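Okay, so here's the structure we're looking at.
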Amino acid sequence: MRIGRSQRFDQARPFVVLGAALAAWLMAPVALRSLVRASFFEMTAPVAAVSSYASDVERFWSLRLHSKDELIEAGRDMARLNASYSLEVQQNGELQAQVERLEALLHMPPSERYRFEHARVARRDFSGWWQRMVIRKGSDYGIAPGDPVVYTGGVVGRVAEVHAYTSVVELVTDPGLRIAAVVDGDTRPVSYQGADNPVFGPPHGIIEFVPLDVYASASAPKRLATSGLGGVYPPGLTIGRIVHVESSADGLFKTGEVEIDPRISELTEVTVLVPTDPG
């Protein structure tokens, strides 16, 4: 009988130890848990960074295997893109100068300015609970929590955590992210929120408090952009496309579904907008 009880205790010992460790963790002070969590992240961050650098090296040598004809064709395409981008840069400079002149004439305070901090994506963390990615820049480049993150398609998300040389970005598809937005062609603000996205499904979000006279469908989608309210995102950045709206339960507004650019799950480089005047 004693031997049987001893065997049962030996079999249950891992679960007892796990339960004791979990109870000790839950009873520990919040400051201690935050310190342990940050320390653990800092210890594991080099693993993700090294893996990202190894992927960059692998991609470099894979590109070296392309033929000269392919490289020449890619160079021609790049030259065309550079020509179009250089024209857009000139137009953007003229528009920016015009805005500054109008601000000086009207004695308006200057709009919030940002500097661009480009960063490589080290790791993606997509699950049913959150949608995040880790980038290879942190407090060493002046990045702070809350800084907006963008790419060529619009909004990526915002910085949720900052460490020594890495940062965690909360994606625009994350259920915990909310953005004040506007429908293209309308100035009335609506509320955007990330949704529960399946791991292998198309990314999407939801909108609330949409005016009743706004219509959108999959055949006639409407662009959803940042409104500039809240002081996090500059106005006019693309969030996604509204592909469905319907009346809410109270009948006062509409709710809808927003289709997010699928490239957001394949990004290798993003841009953090760091305010030049954090105050």
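Bear in mind that the values in this text are calculations on the coordinates, not laboratory data. In this text, all values refer to a predicted model and were calculated from it rather than measured experimentally. Every residue, glycine among them, receives a Cβ derived from its backbone with ideal geometry; neighbour counts consider all protein chains shown.
Per the Kirkwood formula applied to alpha carbons, the stretch 233-276 shows a radius of gyration over Rh ratio, Rg over Rh, of 1.14. Both radii come from the Cα set of the stretch 116-279: Rg as radius of gyration, Rh as Kirkwood radius; their ratio Rg/Rh reads 0.98. In terms of the mean number of neighbouring beta-carbon atoms within 10 Å, the peptides 213-226, 160-173 order highest first as 160-173, 213-226. Working note: Karplus 6.51/-1.76/1.60 with θ = phi - 60° gives the stretch 134-147 the couplings 10, 10, 8, 8, x, 5, 5, 10, x, 6, 10, x, x, 5 Hz, where Gly and Pro are set to x.
Between the beta carbons of Thr152 and Arg120, assuming R0 = 22 Å, the FRET efficiency works out to 0.90 to the nearest 0.05.
Could you give log10 I(q)/I(0) at q = 0.20 Å⁻¹ for the stretch 159-252, computed by the Debye formula over C-alpha point scatterers of equal weight, without solvent? Debye output, listed in q order: -1.04.
Counting only residues at least eight positions apart within a chain, or on another chain, the aspartates and glutamates with an alpha carbon under 19 Å from that of Lys222 are Asp184, Asp186, Glu208, Asp213, Glu246, Glu257, Glu259, Asp261.
With R₀ set to 41 Å, the beta-carbon distance separating Trp61 from Ala195 gives a calculated FRET efficiency near 0.55. 3J(HN,Hα) couplings calculated from phi for the stretch 224-230 with the Karplus curve 6.51 cos²θ - 1.76 cosθ + 1.60 (θ = phi - 60°) are, in sequence order, 10, 10, 5, 8, x, 6, x Hz; Gly and Pro show x.
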